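All remarks here apply to the structure that follows.
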Amino acid sequence: MPTYGRAIWFLVFPGFELLDLGGPLCAFALASDFHEARYDVHIVSAAGGLVSGAAGVTIATVAPATLGHLDTLIVVGAQSPAILDDQSQTAELIRAWAPRARRVASVCTGAFLLAAAGVLAGRRATTHWRCAGELQQRYPSIKVDADRIFVREDEVWTSAGITAGIDLALAMIEEDCGSATSKAIARDLVVYHRRSGGQSQFSTLLELEPRPGRIRDALAYARTHLREKLSVEQLAEVVRISPRQFARQFTAETGETPARAVERLRCEAALPQIENTTEPLDQIALQVGFGDMERMRRVCLRIYGHPPQALRRRSRATPTNGSR
């Protein structure tokens, strides 16, 4: 039986992203309204009152002092980390209330507010893929995993971009109320109960935006030399720094390790051939530098959520040019 009366606080601020709030809030509301979970959901801000989001929608909020029990604190994000830089009161609220919560979470760039409050220090975390490199740069003690839909370490949860807040909410509901309830809510929302693949299926590597310089040069070299081994030592030699310094700087600027980045480049190169040609898959694996089909299969499964054979079948089954 689920425990009743869990207080879920959604923390917002001026300029917050509406879908960061609306997606997970809807999941908890469905759990309470139709599945007997009885969550007590509150929208909270540092000062209370009306708060305007990025889409021009104004939300009524309450100040924490007016509430009692806190079970779960969920910090929503904004369209860019720059919006969060002026939210010192919100960071102070997190610093004061996070220790009182059973679990603390962020949606999308809300991870920057958890980081500013010290909640993520020394922990694994994720955020929107576009901002992962910046989060790693600003807060070197955080172990940023740019390819996860959500990350949980102890009772601190972080999720990727925008709709990943729904995935996070479903996982929390499953923990509280069981798999049957979370699956039922996923059906209500018409979303996957558990999405396959990481968030790199929605991005390209260069959009992780390393600064102009050695790391960007290394990526450009790697993209045109995919058949080569492309070890850390080789890439470091190309840009003339030590392998240790290269690996550290690469991860700080992109949120990815060099090995994971090269795998993604190879997958990006392989995908059009997998989907649009009849070339044998083992030959494609050789051409993009995977070396063998099994390695390409494992990486495709991790990044796209499907093996190459399934990606090819899905592409052929998809109507094109408006045909039905």
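The values are calculated or read from the model by the stated rules, or taken from the named source; none is laboratory data. Since this is a predicted model, take the numbers as computed values, not measurements. Virtual Cβ from ideal backbone geometry, glycine too; neighbours counted across all protein chains shown. Heavy atoms of the whole protein, side chains included, go into the accessibility calculation; ligands, DNA and RNA do not. Shrake-Rupley method; radii C 1.70, N 1.55, O 1.52, S 1.80 Å.
Mind jotting down a quarter of the surface of the convex hull over the alpha carbons of the range 263-304, in square nanometres, one decimal?
So the Cα hull casts an average projection of 2.4 nm².
Per-residue counts of other Cβ atoms within 10 Å, averaged by peptide: what ranking do you get for 266-278, 12-24, highest first?
In descending order of packing, they fall as 12-24, 266-278.
Using only protein heavy atoms and a 1.4 Å probe, report how much of Y221 is accessible, in Å² to the nearest 10.
Looks like 50 Å² after rounding.
Give the Rg/Rh ratio for the range 18-82, taking Rg as the radius of gyration of the Cα atoms and Rh as the Kirkwood radius, to two decimals.
0.98
Over the chain, calculate the relative contact order: mean separation of alpha carbon pairs under 8 Å at least 6 apart, over the residue count, as a percent.
For the chain, the relative contact order is 14 percent.
Using only the alpha carbons of the range 216-324, what is the convex hull's orientation-averaged projected area in square nanometres?
7.7 nm²
Given the DSSP H assignment, sum -39500 (n - 2.57) over each helix run of at least 4 residues in the chain and divide by its residue total; what's the result at 222 nm in deg cm²/dmol, nearest 500?
-14000 deg cm²/dmol
Helix 164-177: angle to the longest alpha-carbon principal axis of the chain, degrees 0 to 90, nearest 10?
60 degrees
Highest first, please rank the peptides 77-83, 294-300, 111-117, 5-11 by the mean number of other Cβ atoms sitting within 10 Å of their residues.
Sorting 77-83, 294-300, 111-117, 5-11 by mean packing, highest first, produces 111-117, 5-11, 77-83, 294-300.
Tell me the Kirkwood hydrodynamic radius of the chain in angstroms, computed as one over the mean inverse distance between distinct C-alpha pairs.
Roughly 21.2 Å, rounded to one decimal.
Roughly speaking, what is the centre-to-centre gap between the range 153-180 and the range 236-293 when only Cα atoms are used, to the nearest Å?
Taking the Cα centre of each part, the range 153-180 and the range 236-293 sit 30 Å apart.
Report the FRET efficiency, 1/(1 + (r/R0)^6), for S88 and V57, where r is their Cβ-Cβ distance and R0 is 22 Å, rounded to 0.05.
Step by step, r from the Cβ atoms, then E = 0.40.
So how tilted is helix 293-304 from the main axis of the chain? Cα-based, degrees 0 to 90, rounded to 10.
Once rounded, the angle reads 30 degrees.
Please report the accessible area of T163 (heavy atoms, 1.4 Å probe, ligands and nucleic acids excluded) in Å², nearest 10.
Spelled out: T163, probe radius 1.4 Å, area about 60 Å².
Let me have the relative contact order for the range 103-197, percent, based on Cα pairs under 8 Å that are six or more residues apart.
Relative contact order, the range 103-197: 27 percent.
Calculate the spin-label point distance for A47 paired with R95, positioning each point 7 Å from the Cα along the beta-carbon direction, and give it in nanometres.
For R95 paired with A47, the spin-label model returns 1.9 nm.
P(r) for the range 78-127: what percent of alpha-carbon pairs falls in each 5 Å bin, starting at zero?
P(r) over the range 78-127, rounded to whole percents: 4, 22, 34, 26, 12, 2.
Can you give me the P(r) profile for the range 1-158? Cα pairs, bins 10 angstrom wide beginning at 0, each as a whole percent.
All Cα pairs considered, the percentages come to 11, 43, 36, 10, 0.
On a full-extension model of 0.36 nm per residue, what is the gain between K183 and R138, subtracting their alpha-carbon distance, rounded to one decimal in nm?
12.5 nm
Using a ≥ b ≥ c from the Cα gyration tensor of the range 71-169 (square roots of the eigenvalues), is it rounded, prolate or oblate, where a/c under 1.5 gives rounded and otherwise the larger of a/b and b/c decides, a/b for prolate?
rounded
Quick one: in the range 1-43, what % of C-alpha pairs are over 11 Å apart?
66 percent
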